[in-house]
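First the structure, in the form of structure tokens, and then the observations on it.
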Amino acid sequence: QWLNSLYKAKVKWWGIHARRNKEPPLNARVFSGIQPTGVPHLGNFLGALENWVALQNQYPSVLYSIVDLHSITQPQDPDKLRNNILDMAASLLACGINPEKAILFQQSQVSEHAEFCWILGCLTSMPRLRHLPQWKMKSKQKNEGSVGLYIYPVLQAADILLYKSTHVPVGEDQVQHLELAQDLARIFNLHYGELFPEPHALLSSTRKVKSLRDPSSKMSKSDSQPMATISITDSPDDIALKIRRAVTDFTSEVTFDPQARPGVSNLVTIHAAVARLSVEEAVSAAKGLDTGAYKGLVSEAVIQRLAPIREEIQRLKADPAHLEALLALGSRRARELAAPMLDEVRQRVGFS
């Protein structure tokens with residue numbers, strides 16, 4: 001309980017720290033990655049991608065990576081993976097990522113990530129990795145996870161430090177993984193001389209979007225219930241159907257109480273986020289409506305917000321050669337930063 005309280009206090013401090021840094025320094029650099037699992041869902045869009053779009057306008061240097069090396073910790077069909085990479089590129093561009101403001105690239109095309117991961121792995125202890133949430137959660141599901149899954153957080157640290165990133169947008173469930181990157185920056189600097197800044201967390205203020213069928217868990221693409229998750233490419237009819245079938249309760253009035261009324265509160269969270277309202281404003285907009293009528297209001301707001309994104313994804317996916325060219329250009333730009341950085345690391349370690 002004490003450790004849990006300390007962790008929550010640290011998360012809160014990081015959130016305050018992130019809010020105070022409204023004017024980033026000239027040498028600030030943001031890095032974040034997303035796995036190529038196809039088209040993002042509504043939770044991805046509201047919880048991460050909207051924030052990514054805002055950050056590219058706030059920070060002088062921003063890199064966003066489609067982290068396909070991370071994705072193969074789970075078995076992947078090669079053809080599907082290739083398509084998913086392009087789908088994710090199209091989705092990021094449609095959501096507002098501008099390749100003239102941010103470097104958008106495919107992780108596996110910058111080989112420095114893998115080599116640097118090995119070097120950092122040699123500075124990391126097994127007990128340190130064994131207690132991280134990624135391993136504890138997924139290895140239990142599979143009884144025994146792969147070596148790749150075990151060192152997944154080291155590769156995350158390599159992704160971040162390779163570009164001397166100063167800020168990383170993360171959810172609360174990834175804070176401990178960012179702590180590892182901070183620790184490895186300190187360890188490397190101690191062994192080989194000052195080189196890496198300790199990256200700061202940028203916590204999104206957006207509440208987590210929950211499953212429409214089980215509001216005790218996050219919205220997820222892997223959910224076995226098709227009505228639980230809204231994809232950003234869902235048709236208006238599909239969106240309306242999924243929200244109409246969303247789990248609520250037997251009280252008709254719309255209120256926001258995540259503990260007592262998680263289903264209704266999830267709809268309020270979605271409505272507020274897509275309509276760019278505060279929670280209080282969303283509840284006020286629902287005054288006089290029962291939950292059934294409110295679902296219609298939420299549906300219209302979601303449909304209106306996602307329609308232009310869906311159309312732009314369809315347009316971009318019709319030209320895969322254009323997407324491949326954009327990713328190739330982004331990967332070249334990323335390598336221009338990564339290659340001299342790894343050369344410096346090699347020299348300090350004694351490889352050259």
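The values are calculated or read from the model by the stated rules, or taken from the named source; none is laboratory data. Small disclaimer: the values here were computed from a predicted structure and weren't measured. Quick reminder, even Gly has a Cβ in these numbers, built from the backbone with ideal geometry, and neighbours come from all protein chains shown. Just the protein is used for accessible areas: all its heavy atoms, side chains included, with ligands, DNA and RNA removed. Shrake-Rupley method; radii C 1.70, N 1.55, O 1.52, S 1.80 Å.
Values computed for the structure shown
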read-out	value
Cross-chain or 6+ apart pairs with Cβ under 6 Å, segment 166-180 first and closer than 16 Å to VAL30 by Cα and without any contact (Cβ under 8 Å) to a residue 24 or more places away in the chain, then surrounded by 21 or more Cβ atoms within 10 Å (Cβ to Cβ) and of a type outside the set (Ser, Thr, Tyr)	LEU178/VAL168; LEU178/VAL170; LEU178/ALA201
Odd one out for GLN347 among (1) outside any helix (DSSP H, G or I); (2) closer than 30 Å to GLU115 by Cβ	(1)
Among (1) outside any loop (DSSP other than H, G, I, E, B); (2) surrounded by 15 or more Cβ atoms within 10 Å (Cβ to Cβ), the one test that LYS164 misses	(1)
Criterion violated by LYS208 - all others in (1) charged (D, E, K, R); (2) at pLDDT below 95; (3) more than 26 Å from the chain's Cα centre (by Cα) satisfied	(3)
Residue identified as open to solvent by 10 Å² or more (accessible area, probe 1.4 Å) and either in contact with a strand residue (DSSP E or B) (Cβ under 6 Å, 6 or more places away or on another chain) or not assigned by the TED database to the domain that holds VAL175 (or both) among ILE66, ILE103, ILE72, ILE34	ILE103
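Listed here are the residues, each with its yes/no results for (1) outside any helix (DSSP H, G or I); (2) modelled with pLDDT of 95 or more.
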| position | (1), (2) |
| --- | --- |
| VAL62 | yes, yes |
| SER65 | yes, yes |
| LEU69 | no, yes |
| PRO75 | yes, no |
| ASN83 | no, yes |
| LEU92 | no, yes |
| ASN98 | yes, yes |
